[in-house]
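Data first, discussion second: the structure below is written as structure tokens.
The values are calculated or read from the model by the stated rules, or taken from the named source; none is laboratory data. Quantities reported herein were computed from a predicted structural model and do not represent experimental measurements. Here the Cβ is made from the backbone with ideal geometry for all residues, glycine too, and neighbour counts use every protein chain on show.
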Amino acid sequence: MTEQALTPDMAAAPSAQCATCPIYSSAQLVKLGVDASGYDYVIALAGNPNTGKSTIFNALTGLRQHTGNWSGKTVSRAEGGFRFREQRYKLIDLPGTYSLLSTSTDEEVARDFLLFGRPDVTIVVLDATRLERNLNLALQVLAITDRVVVALNLVDEARRHGMTVDVRSLSRDLGVPVVPMAARRGQGVPELLAAIAEVASGAYPTRPRRLPLRDPAVEQAVAALVPQIEATFPGLPNARWVALRLIDGDASITQAVRDGTLGALAPTMALA
Amino acid sequence: MNTEHLLAEAAKHRHAVGGALHDRVTEAIYTDATQIADRAVTRAGERPAFALDRAIDQVVTSRVWGFPIMALMLTGVFWLTIAGANVPSALLGEFLTVQVYAWLHSVAQAVSAPAWLAGLLIDGVYLATAWVVSVMLPPMAIFFPLFTLLEDLGYLPRVAFNLDRLFKAAGAHGKQSLSMMMGWGCNAAGVVATRIIDSPRERLIAIITNNFSICNGRWPTLILMGTLFIGATAAPGLSSFVAAASVVTVTIIGIFTTLIVSALLSRTLLKGEASTFSLELPPYRPPRIWQTIYTSLIDRTLIVLWRAVTMAAPAGALIWLLSNIYLGDLSLAAHLVNLLEPVGWLLGLNGVIILAYIVAIPANELIIPTILMLTLSLGRSQLAQAGVLLELEDAQLHTVLAGLGGWTTLTAVNLMLFSLLHNPCSTTILTIWNETKSLKWTALATLLPLGLGIVVTMVVAAAVRLGG
């Protein structure tokens with residue numbers, strides 16, 4: 001797969017039907033390995049440990065990062081690049097975590113990147129056989145960033161265990177695209193690419209689920225604080241989540257408010 | 001609006017909503033997740049694959065069978081490594097250190113290269129790299145893929161599960177078993193992996209004790225010593241098995257040292273309670289055998305070998321210079337070895353090994369080639385002075401070490417122990433500094449294993465000598 005194989009005029013789909021065909025989509029993928037220079041979009045890859053995150057990372061970038069079968073394999077973040085339909089993407093593999101609420105280094109690395117790195121799209125990898133527990137992380141990610149694609153991985157294993165996951169119901173509840181995948185066999189990769197491209201370009205407007213609070217007192221406090229946060233930091237995409245963290249007394253978010261790091265997240269500045 | 005005012009507002013609300021906010025939010029998220037999952041997932045009947053997973057888990061993580069199975073698996077891996085690497089190692093050694101070596105010398109003679117240049121390049125740089133390749137390549141090419149297969153199969157998390165109880169009893173974090181197993185690949189990676197531990201106290205314990213996990217650079221030393229000296233004492237049919245068992249024994253001594261040192265630290269310098277965590281047992285997945293073999297050959301074997309070769313080439317030149325620059329009657333190397341000999345004797349080792357450990361501070365991979373080169377060059381020059389010329393055909397490893405170096409089983413056993421218990425390589429020390437940013441903890445992590453190694457080998461040597 002050389003760069004020359006895809007000249008601009010070849011990249012345009014021969015016909016309208018071709019553009020939606022999975023085979024055409026995967027032929028459009030150029031794996032760039034560690035070369036993530038001159039990118040158009042930054043994509044973050046989040047998920048619980050052991051859900052096939054690294055497999056998806058490798059499938060998109062063509063890298064061969066060893067995939068581990070246990071938590072804690074990836075502690076720091078790995079980067080790679082790929083090109084799809086004439087756009088260059090930089091992919092960042094975040095450490096696998098179960099939550100974004102605690103203070104261990106791996107969770108902080110993941111959370112800080114979502115919050116301050118402001119990726120254009122965040123892929124949340126979910127294990128279809130352990131959907132309930134995996135959704136915890138997805139809901140927390142949706143509270144921080146609204147541009148999310150859910151990769152519902154290991155659907156083949158779920159099927160072996162006699163489980164079927166209704167992708168449309170999941171997508172409706174979460175308000176973002178959900179792509180069923182069996183990444184180990186390469187299934188679902190073209191569909192994932194298409195979903196990433198649509199969310200990145202804004203062609204797919206996401207309506208992310210709001211963080212559930214289910215507690216009138218907390219809801220009230222958050223509702224009171226959000227307008228003040230929005231007044232201090234206009235354009236902040238996750239005021240609700242920031243409000244909750246401030247009420248909880250999160251030290252690093254408090255620090256980010258105090259030194260203005262949070263202010264740097266306003267859309268105009270984030271482009272720099 | 002000013003930020004301090006905003007923070008004050010937040011603090012006011014914190015009092016209003018009352019305590020345990022974190023737990024309440026977590027619970028709300030859980031409830032929401034459950035409802036979404038319930039809507040999306042439909043299950044049909046029983047799940048037979050799950051039942052098999054659980055049945056296997058009950059055996060491999062049981063209190064009775066967990067540890068014996070673990071020892072058996074490790075012995076199996078080492079046995080395959082040792083039995084499988086014997087023949088290719090001998091062939092490769094014969095080819096690289098005898099045939100190619102002789103050919104290079106004849107070429108040097110043909111072009112009438114100066115003797116010092118031929119010596120430096122062929123006896124120094126070439127021979128050191130040739131030893132590294134022939135001694136390390138075959139066992140690594142077998143060991144790494146096998147170990148990676150165990151990892152991919154999902155067995156390593158079960159080992160972590162078994163060890164978790166012991167770590168908790170030692171007052172350390174259960175996740176330390178995971179960083180310890182990363183250390184079995186590379187200690188620098190193991191030290192970085194301790195980031196998964198939240199509590200600074202437990203993380204420091206994990207960092208300080210990570211060096212007790214035998215790393216890639218040290219497995220070849222152990223495997224070689226086990227094969228040449230321990231396995232050789234057993235009946236011919238059993239020798240590979242005995243050699244494998246000796247390597248497993250050292251590994252297990254390493255695990256116990258980790259636990260004992262962790263317990264001592266958590267009761268003295270780093271006091272505190274062990275925190276709890278939940279360890280997930282991932283489902284067993286059929287490993288993709290060819291891909292695993294391919295990636296572990298590329299990722300681990302060749303990378304480790306390359307690192308060893310790049311370190312060995314300059315070290316080979318250094319050793320050749322040390323052995324060929326004379327100060328009075330003796331070479332520099334001989335002076336150094338003589339100087340270190342009493343220390344070596346005290347530890348049941350010898351001066352050559354101590355010098356090798358000083359040369360090999362940048363990388364443990366250098367130990368074996370350095371020892372071989374020093375033993376060969378010193379032995380040869382001493383023999384040459386006595387008028388004897390060593391036939392290169394006799395350069396079998398065992399002959400070199402036992403014959404020229406005067407090695408005994410005690411030397412081999414203590415080298416294995418010292419290989420387990422000595423200072424981390426410079427890369428790991430640097431990583432510890434980066435992770436802790438503390439001179440005190442870096443120094444402790446460096447000197448503690450070395451101190452332990454000196455005490456243990458000294459006691460073993462004294463006991464063997466007194467016992468006869």
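I want to confirm something. Restricting to region B:129-165 and keeping residues that are more than 21 Å from the chain's Cα centre (by Cα) and among the aliphatic types (A, V, I, L, M), which single residue is farthest from residue B:73 (Cα to Cα)?
Result: B:130.
Quick one: in region B:166-180, which of the residues that are in a helix (DSSP H, G or I), buried (at least 22 other Cβ atoms within 10 Å of the Cβ) and at pLDDT 80 or above is nearest to the chain's Cα centre (by Cα)?
Across region B:166-180, the extreme among qualifying residues is B:180.
Just need a number here: residues in region A:228-272 that are surrounded by fewer than 16 Cβ atoms within 10 Å (Cβ to Cβ) and modelled with pLDDT of 75 or more.
11
It is to be established whether one or more residues within region B:47-55 are more than 11 Å from chain A (Cβ to nearest Cβ), farther than 30 Å from residue A:169 by Cβ and not hydrophobic (A, V, I, L, M, F, W, C).
No.
Taking only pairs six or more apart or across chains, which ones have beta-carbon atoms under 9 Å, a first residue in region B:298-318 that is over 18 Å from residue B:367 (Cβ atoms), and a second residue that is modelled with pLDDT under 75 and surrounded by fewer than 16 Cβ atoms within 10 Å (Cβ to Cβ)?
Partner pairs satisfying both residue conditions: B:298/A:64; B:299/A:64.
Condition check ((1) out of contact with any Ser or Thr (no Cβ under 7 Å at 6 or more places or on another chain); (2) over 20 Å from residue B:43 (Cβ atoms); (3) among the β-branched types (Val, Ile, Thr)) across all residues:
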{"site": "A:156", "(1), (2), (3)": "yes, no, no"}
{"site": "A:159", "(1), (2), (3)": "yes, no, no"}
{"site": "A:163", "(1), (2), (3)": "no, no, no"}
{"site": "A:173", "(1), (2), (3)": "yes, no, no"}
{"site": "A:178", "(1), (2), (3)": "no, no, yes"}
{"site": "A:182", "(1), (2), (3)": "yes, no, no"}
{"site": "A:191", "(1), (2), (3)": "yes, yes, no"}
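Kindly list the number of the only condition in (1) closer than 30 Å to residue B:406 by Cβ; (2) in contact (Cβ under 8 Å) with a residue 60 or more places away in the chain; (3) not in a loop (DSSP other than H, G, I, E, B) that fails for residue B:348.
Of everything listed in (1) closer than 30 Å to residue B:406 by Cβ; (2) in contact (Cβ under 8 Å) with a residue 60 or more places away in the chain; (3) not in a loop (DSSP other than H, G, I, E, B), residue B:348 misses just condition (3).
Would you mind stating whether residue B:77 is surrounded by fewer than 16 Cβ atoms within 10 Å (Cβ to Cβ) and either without any contact (Cβ under 8 Å) to a residue 60 or more places away in the chain or more than 7 Å from every other protein chain (Cβ to nearest Cβ) (or both)?
no
Which residues, taken from region A:186-214, are at negative phi and within 14 Å of chain B (Cβ to nearest Cβ)?
Within region A:186-214, A:208, A:209, A:210, A:211, A:212, A:213 qualify.
Which of the following residues is under 30 Å from residue B:285 (Cβ atoms) and part of a helix (DSSP H, G or I): A:227, A:190?
A:190
Would you mind telling me which numbered condition in (1) away from chain A (no Cβ under 14 Å); (2) in contact with a helix residue (DSSP H, G or I) (Cβ under 8 Å, 6 or more places away or on another chain); (3) among the polar types (S, T, N, Q) residue B:34 fails?
(1)
Take the residues in region A:149-185 that are part of a loop (DSSP other than H, G, I, E, B) and either surrounded by fewer than 17 Cβ atoms within 10 Å (Cβ to Cβ) or over 20 Å from the mean Cα position of the chain (by Cα) (or both), then tell me which one is farthest from the other protein chains (Cβ to nearest Cβ).
A:175
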